[in-house]
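Data first, discussion second: the structure below is written as structure tokens.
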Amino acid sequence: RPGVDSLKFKGELSKARTELFKFENLLETQKHELQELLASDVLPVIEANAFFVGNLPAEPGAAASGEHPRLAIAQLEVEASQVRLKQIHRSWTPEIDVWGTAYARGSGIRFDGTVEKAEGWTFSRYNYGIGLQVAFPILDRPAIKLKSSQQEASIRSSESQLRHTRLALNKEAAIAEQDLKTALLIAGEAPVEYAASESAFEALQTRYQAGLIDYSELILAQYDLLHAEASLKNAHVSAWKSLLKLAVISGDMNLFLNQIPN
């Protein structure tokens, strides 16, 4: 049926072009977002690499050796709050000052009453002094006690934030591990779907060339084949993405980088 099949072909071709325009727009949008993340006006040329769609990662068995930045920041905030509390406590301790003085003068009168005017222009009498002073800020005690209470509350808040961050990261790590396992299972099933769709398309293509079926059945089989191929590649990419997420949460990028060939 040349007329009917030709019209259906034009309709499907128009749909395919529309989808292509959407994906091209998505690609350009993501390029601009990548430029913003890299803080660069020029996006470096990225060569196409079929490694991630042709290989699957292995589940990491070793524990992570790093620490997530969010957890490190929370831990540093607790330590900083504790140091500030020590400084407040030390501000009430006594202050000890040591001072000393020395001066000299000239005198034209000797001990026996003899007057020597010329000696008055030179240093003939020397005096030295040394002292120790202890100051205790008694009146600052109420203000220091108030600051101490406020800082202790800040420490409890920082410790609570640290526990919350650790629990959140543990939850995210567990989810990432489960996502990786699921992605690997899906990637293992995707080739079966692709092989079945490919065999079905080849069989329907032979029947279409023999005139046994119309174009709509053939294009539907072709769509299923393309969808199965896209699902196969997407399953591989999803597995790598889950592994990367697990590496980020664990604070050890070697979990991801060690599985990529140089």
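The values are calculated or read from the model by the stated rules, or taken from the named source; none is laboratory data. These numbers were taken from a predicted model, which means no experiment stands behind them. Cβ: placed from backbone, ideal geometry, glycine included. Neighbour counts: every protein chain shown. Remember, those area values only see protein heavy atoms, side chains included, never the ligands or the DNA or RNA. Shrake-Rupley method; radii C 1.70, N 1.55, O 1.52, S 1.80 Å.
Shape summary: the chain maps onto an equivalent ellipsoid whose semi-axes, from the alpha-carbon gyration tensor, are 85, 24, 18 Å in decreasing order. A simple spin-label model places pseudo-atoms 7 Å from Cα toward Cβ; at residue 124 and residue 170 they are separated by 8.7 nm. On the basis of the beta-carbon distance and an R0 of 30 Å, residue 163 and residue 254 show a calculated FRET efficiency of 0.65.
Ordering 179, 112 by accessible area with a probe of 1.4 Å, largest first, what comes out?
Numbers: 179 65, 112 100 Å².
Ranked from most to least accessible, the order is 112, 179.
Where nothing but the Cβ of Lys and Arg (+1) and of Asp and Glu (-1) is charged, how large is the charge dipole of the chain around its Cα centre, in debye to the nearest 20? Walk me through the intermediate numbers first.
On the way: 27 positive and 33 negative charges, 286 e Å.
Here the size comes out at about 1380 debye.
Helix 215-250 against the longest principal axis of the chain: what's the angle in degrees, Cα atoms only, rounded to the nearest 10? So the helix axis and the longest Cα principal axis differ by about 20 degrees.
Kirkwood Rh over alpha-carbon pairs of segment 151-254, then Stokes-Einstein at 4 °C and 1.567 mPa s: what D in µm² s⁻¹, rounded to an integer?
Working: Rh = 17.2 Å.
Translational diffusion coefficient: 75 µm²/s.
Who wins for biggest fluctuation among 50, 190, 228 in a Gaussian network model of the chain, springs between alpha carbons below 10 Å? Greatest mean-square fluctuation among the candidates belongs to 50. For the chain, the longest principal axis of the C-alpha atoms and the axis of helix 141-209 are separated by about 20°.
Normalised by the number of residues in segment 90-200, the average gap of Cα pairs under 8 Å and 6 or more apart makes the relative contact order 24 percent.
Reported to two decimal places, what Rg/Rh ratio describes segment 87-171 when computed on Cα atoms with Rh from the Kirkwood expression? Value, to two decimals: 1.58. Largest to smallest in accessible area, the residues 175, 144, 96 fall in the order 96, 175, 144 (1.4 Å probe, all protein chains included). Residue 99 contributes an accessible area of around 130 Å² to the protein surface, as traced by a 1.4 Å probe with all chains present. Rounded to the nearest 10 degrees, the inclination of helix 69-90 to the longest alpha-carbon principal axis of the chain is 20 degrees. Comparing 22, 181, 245 in a Gaussian network model of the chain where C-alpha atoms under 10 Å apart are linked, the largest mean-square fluctuation is found at 22.
In the context of the full protein assembly, residue 207 retains an accessible surface of approximately 110 Å², using a probe radius of 1.4 Å and ignoring ligands and nucleic acids. State the Cα centre-to-centre distance between segment 8-86 and segment 196-262 in whole Å. The two parts, judged by their Cα centres, are 20 Å apart. Among the protein heavy atoms of the chain, carbon and sulfur supply 58% of the accessible surface, probe 1.4 Å, non-protein parts ignored. With the helix formula -39500 (n - 2.57) applied to DSSP H stretches of n ≥ 4, the chain reaches a computed 222 nm mean residue ellipticity of -23500 deg cm²/dmol.
Measuring only protein heavy atoms, the 1.4 Å probe finds residue 26 accessible over about 80 Å².
List the relative contact order of segment 176-262 as a percent without decimals, with contacts defined as Cα pairs under 8 Å and 6+ residues apart.
Numbers: 63 pairs, mean separation 35.8, N = 87.
It rounds to 41 percent for segment 176-262.
When the listed pairs 8/241; 10/181; 15/171; 10/245; 8/233 are checked against a 31 Å cut-off, the alpha-carbon distance exceeds it for 8/241; 10/181; 15/171; 10/245.
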